[in-house]
Amino acid sequence: MTTAAMRAAHFLADRPLVFADPFALELTSDEYRALHESIGLPAHFGGPRIRLVQGHVVGRARWAEDRLEAALAEGIDQYVMIAAGLDSFALRRRDLLPRLRVLELDRPALQAHKRARLARLGRDLPEGVEMRALDLRAESLARVLRSSSFAPARPAFFAALGIVSYLERAALLAMLDALRASCAPGSRIVFDYPIPPHLMSEDDRALAEEVSRVTAAHGETRRGKHVPEELHRDLEARGFALVEDVSPHEMARRYFAGRNDGLAPYPESHLACFRVER
Ligand SMILES: C[S@@+](CC[C@H](N)C(=O)[O-])C[C@H]1O[C@@H](n2cnc3c(N)ncnc32)[C@H](O)[C@@H]1O
């Protein structure tokens, strides 16, 4: 609900756009919509620290779709959104749908909310887009993929945005093992992950602690932080090859240059893209 509300606020108030999501306001919760009616979502997310979290949310979405388009150009035609949340890809990117099968995975309660919102918008899920329930802590990604229209023989593009920080390292590695065992070489996975406090400045550490407190208060405890080099080594040992690992500094250079409105990448978060090698 919160990431959709942040995308909505960005779409309504910021220019230039890093990421355009015209459906986010419709998809988010009634509470956020009421807040928009009263003080406005841009004002709600206007504080200097929360702007960095918002910058991360829109920046990672933009980067992931840029990577997806690169994968499409190489012939990949399946997109699996792990913890898709209220991402409106199926509504926003109709231009890509003729070339893609899309599978959205998330917890049942979130998907029920999304279905209700789509119904209110008078929309069905477009042809070629499928939703399947998955609780990553309780179920195997491999089993859910097998029970869906996913084609294991063809490479796929997987995105897992905004989820890795909520998984213990063991759950993350289990998810990645299941993914590698379920898909063809040449598949890609993109995800964002937080780095540990000792790799951050003191100011950045204080911000990260505040965000952890807020998300925990919303029932989502942030668990997994990773040293980039260690994560790369672990994944390479499991049959993945690093395509790129993008630091907040590099994100700022690529997508936020020249802004003076406070929107910038969140200093705790890296973005990683890996290719399945074997
Ligand atoms: C921060 S949101 C990110 C959503 C979306 N990817 C985005 O970038 O806006 C986290 C998402 O992870 C989902 N999630 C949390 N725990 C999960 C679990 N154990 N299994 C599957 N999905 C989970 C939540 O339902 C939510 O949609």
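Any read-out appearing in this document is the output of simple, stated calculations on the displayed coordinates, not a laboratory observation. Source: prediction; values computed, not measured. Quick reminder, even Gly has a Cβ in these numbers, built from the backbone with ideal geometry, and neighbours come from all protein chains shown.
Could you work out the helix-only [θ] at 222 nm for the chain, with each DSSP H run of four or more residues adding -39,500 (n - 2.57) and the total divided by the number of residues, to the nearest 500 deg cm²/dmol? Don't skip to the end; give the middle numbers.
On the way: 12 runs with 126 residues, N = 278.
Rounded to the nearest 500, it is -13500 deg cm²/dmol.
Quick one: what does P(r) look like for the range 1-147 with 10 Å bins over all Cα pairs, in whole %?
Going out from 0 Å in 10 Å bins, the range 1-147 shows 11, 38, 37, 13, 1 percent.
Report the calculated FRET efficiency for Ala70 and Asp177 (r = Cβ-Cβ distance, R0 = 25 Å), to the nearest 0.05. Don't jump to the answer; show the numbers that get you there.
Values: r = 25 Å, r/R0 = 1.00.
For Ala70 and Asp177, the calculated efficiency is 0.50.
Where does each of Thr2, Thr221, Thr28, Thr215 land when they are ranked from fewest to most other beta-carbon atoms within 10 angstrom? Don't skip to the end; give the middle numbers.
Working: Thr2 21, Thr221 11, Thr28 25, Thr215 16.
Starting with the residue having the fewest Cβ neighbours, the order is Thr221, Thr215, Thr2, Thr28.
Note the full-extension length gain between Ala138 and Arg120 as 0.36 nm times their separation in residues minus their Cα-Cα distance, in nm to one decimal. Walk me through the numbers on the way to the answer.
Details: separation 18, 0.36 × 18 = 6.48 nm, distance 3.06 nm.
Net length gain for the segment: 3.4 nm.
Nearest 20 debye, what's the magnitude of the dipole of the chain about its Cα centre given +1 on Lys and Arg Cβ and -1 on Asp and Glu Cβ?
Values: 39 positive and 39 negative charges, 118 e Å.
My answer is approximately 560 debye.
Under a GNM of the chain (C-alpha, springs under 10 Å), which listed residue has the highest mean-square fluctuation: Leu35, Leu25, Leu68?
Checking each option, the largest mean-square fluctuation is seen for Leu35.
With a/c under 1.5 counting as rounded, go ahead and sort the range 90-180 into rounded, prolate or oblate using the C-alpha gyration tensor (a ≥ b ≥ c being the square roots of the eigenvalues; past the cut-off, prolate if a/b is larger than b/c, else oblate).
Details: a/c = 2.04, a/b = 1.38, b/c = 1.48.
Verdict is oblate for the range 90-180.
Once fully extended, how much extra length lies between Glu230 and Glu244, figured as 0.36 nm per residue of separation less the alpha-carbon to alpha-carbon distance? Don't skip to the answer; put the middle values down first.
On the way: separation 14, 0.36 × 14 = 5.04 nm, distance 1.45 nm.
Working it through step by step, the gained length comes to 3.6 nm.
Please report, in cubic angstrom per residue, the volume enclosed by the convex hull of the alpha-carbon atoms of the chain. Walk me through the numbers before you get to the answer.
Numbers: hull volume 34.5 nm³, N = 278.
Residue-normalised Cα hull volume stands at 124 Å³.
Within the set of other residues whose C-beta is less than 11 Å from the C-beta of Glu139, count the net charge using Lys and Arg as +1 and Asp and Glu as -1. It would help to have the intermediate numbers written out before the result.
Numbers: positive: Arg107, Arg132, Arg137, Arg143; negative: Asp135.
Combined, the nearby Lys, Arg, Asp and Glu give +3.
Out of the trypsin sites (Lys or Arg not before Pro) in the range 131-166, which ones are loop residues according to DSSP with at most 15 other C-beta atoms within 10 Å?
Answer in residue order: Arg137.
For all pairs of alpha-carbon atoms in the range 149-261, what percent lies in each bin of width 5 Å, listed from the first bin to the last filled one?
The calculated distribution, bin by bin, is 2, 9, 16, 21, 19, 15, 10, 5, 2, 0.
So which helices of the chain fit the span-like rule, where a helix is a whole DSSP H run, its Cα atoms reach 27 Å or more along the axis, and its mean Kyte-Doolittle is at least -0.5? Please report the intermediate quantities before stating the final value.
Values: long enough: 48-73 (38 Å, -0.21).
Qualifying helices, which must be both long enough and hydrophobic enough, are 48-73.
Which whole-number value in Å³ per residue fits the convex hull of the alpha carbons of the range 46-85? The partial results should precede the final answer.
Values: hull volume 2.5 nm³, N = 40.
Here the figure is 63 Å³ per residue.
DSSP loop (so not H, G, I, E, B), at most 11 other Cβ within 10 Å: list which trypsin sites (Lys or Arg not before Pro) in the range 14-103 pass both filters.
Values: sites: Arg33, Arg49, Arg51, Arg60, Arg62, Arg67, Arg92, Arg93, Arg94, Arg99, Arg101; in loops: Arg93, Arg94.
Loop-located and lightly packed - Arg94.
Round to a whole angstrom and tell me the spacing of the C-alpha centers of the range 1-54 and the range 198-222.
Spelled out, the Cα-based centre of one part sits 20 Å from the other.
Could you list which residues have their amide H under 5 Å from that of Leu161, counting only those 5 or more apart in sequence or on another chain, with H placed in the peptide plane?
Ile82
Report the dimensions of the range 27-114 along its three principal axes from the alpha-carbon atoms, largest first, rounded to Å.
Cα extents, longest axis first: 45, 30, 21 Å.
Along the Cα→Cβ direction, 7 angstrom out, place labels at Ser38 and Arg93. What is the inter-label distance in nm?
The modelled label-to-label distance comes out at 3.5 nm.
Using a 10 angstrom Cβ neighbour count of at most 12 plus a DSSP loop assignment to flag exposed GluC sites (Glu not before Pro), which longest range of the chain is free of such sites?
169-278
Give, in nm to one decimal, the length gained when the segment between Ala153 and Glu209 is fully stretched (0.36 nm per residue of separation minus the Cα-Cα distance).
Working: separation 56, 0.36 × 56 = 20.16 nm, distance 4.25 nm.
Roughly 15.9 nm would be gained on extension.
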